[in-house]
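Report on the following structure.
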Amino acid sequence: MAAYTKPLPAISTLNQRYWEGLKQRRMVLPYCEACDSVWYPPTPFCPDCWSRDFRWQAVSGRGVVNSWVVFHQAYFSSFKDDIPYSVAEVELEEGPRLLTNLVEVANEDIAIGMPVEVVFDDVTDEVTLAKFRPRKG
Ligand SMILES: [Zn+2]
């Protein structure tokens, strides 16, 4: 397998649980014990009520496409073989929105509101990325 040359996330004590979850085929996010908020990306306190009392909990991995773009230019040379490729904002059922790539769908078939589900892409031995594909049924 060719070496993975695209940018990788900076894994820190703050977001380590998220990345470990993806490696284990689960998407886990911080849930606020004080106000029940769930959010992404991980921060050391709840963005809604500033409580530092939160737990990590699995989310459904289901959501909808909220917005997307198709890149026709490789701003990183490591993406040049992928163009044109999509970058989407997916809104999870639990509320958080995250930027991701859509897979298993042609760029011309992407639509706002399209139901999607997470898939796990092991890009290196240490890093698994969350991508999304159209949900069936
Ligand atoms: Zn809160």
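Per DSSP helix of 4 or more residues, -39500 (n - 2.57); summed, then divided by the residues of the chain. What does that give at 222 nm, rounded to the nearest 500?
So the calculated ellipticity at 222 nm is -1500 deg cm²/dmol.
Which whole-number percent of Cα pairs in region 60-137 have a distance greater than 22 Å?
So the pairs more than 22 Å apart make up 23 percent of the total in region 60-137.
Could you check the spin-label model distance between T13 and V69? Points 7 Å from the Cα along Cα→Cβ, value in nm.
Each label point is offset 7 Å from its Cα along the Cβ direction, giving 3.5 nm.
Rank these by accessible area, largest first, 1.4 Å probe: T5, T100.
Per-residue accessible area, sorted high to low, gives T5, T100.
Relative contact order for region 10-59 using alpha-carbon pairs under 8 Å, separation at least 6, rounded to a whole percent?
Over region 10-59, the number comes to 36 percent.
Can you compute the label reach from E117? Point 7 Å from Cα along the Cβ direction, backbone N cut-off under 17 Å, restricted to region 80-104.
Under 17 Å, as judged by backbone N against the label point of E117, lie 91-94, 102-104 of region 80-104.
Counting only DSSP beta bridges with both residues in the chain, tell me the antiparallel percent, nearest 5.
Bridges in the chain are about 95 percent antiparallel.
Determine one quarter of the surface area of the Cα convex hull of the chain, which equals its mean projected area, and express it in nm² to one decimal.
9.1 nm²
Near the amide H of W39, under 5 Å away, which other amide H atoms are found, from residues 5 or more places off or on another chain, if H is placed in the peptide plane?
So W39 has HN proximity to no qualifying residue.
In terms of solvent-accessible area of protein heavy atoms at a 1.4 angstrom probe, what is the ranking of Y40, Y75, Y85, highest value first?
The ordering from most to least exposed comes out as Y75, Y40, Y85.
Using a 1.4 angstrom probe and counting only protein chains, how large is the accessible area of V123 in Å², to 10?
Using a 1.4 Å probe on the heavy atoms, I get roughly 10 Å².
Once the mean 1/r over all distinct Cα pairs of region 17-61 is inverted, what Kirkwood radius in angstroms do you read off?
Hydrodynamic radius (Kirkwood, Cα pairs) of region 17-61 is 10.5 Å.
Below 12 angstrom from the Cβ of Y85, what's the summed charge of the other residues (Lys, Arg +1; Asp, Glu -1)?
Neighbourhood net charge equals +1.
Tell me, what is the percent relative contact order of the chain, built from C-alpha pairs under 8 Å that lie six or more residues apart?
Reported relative contact order: 21 percent.
Would you work out which of W56, P7, Y75 lies farthest towards the positive end of the dipole of the chain, given +1 charges on the beta-carbon of Lys and Arg and -1 on that of Asp and Glu, about the Cα centre?
Going by the Cα projections, it comes out as W56.
Return the lysines within reach of K6: Cα separation strictly under 23 angstrom, same-chain partners fewer than 8 residues apart disregarded; answer none if there are no such residues.
Output for K6: K23, K80, K131.
The values are calculated or read from the model by the stated rules, or taken from the named source; none is laboratory data. Just so we're clear, the structure is a prediction, and the values are computed from it rather than from any experiment. Every residue, glycine among them, receives a Cβ derived from its backbone with ideal geometry; neighbour counts consider all protein chains shown. Each accessible area value is taken on the protein alone, full model and side chains, heavy atoms only, with ligands, DNA and RNA left out. Shrake-Rupley method; radii C 1.70, N 1.55, O 1.52, S 1.80 Å.
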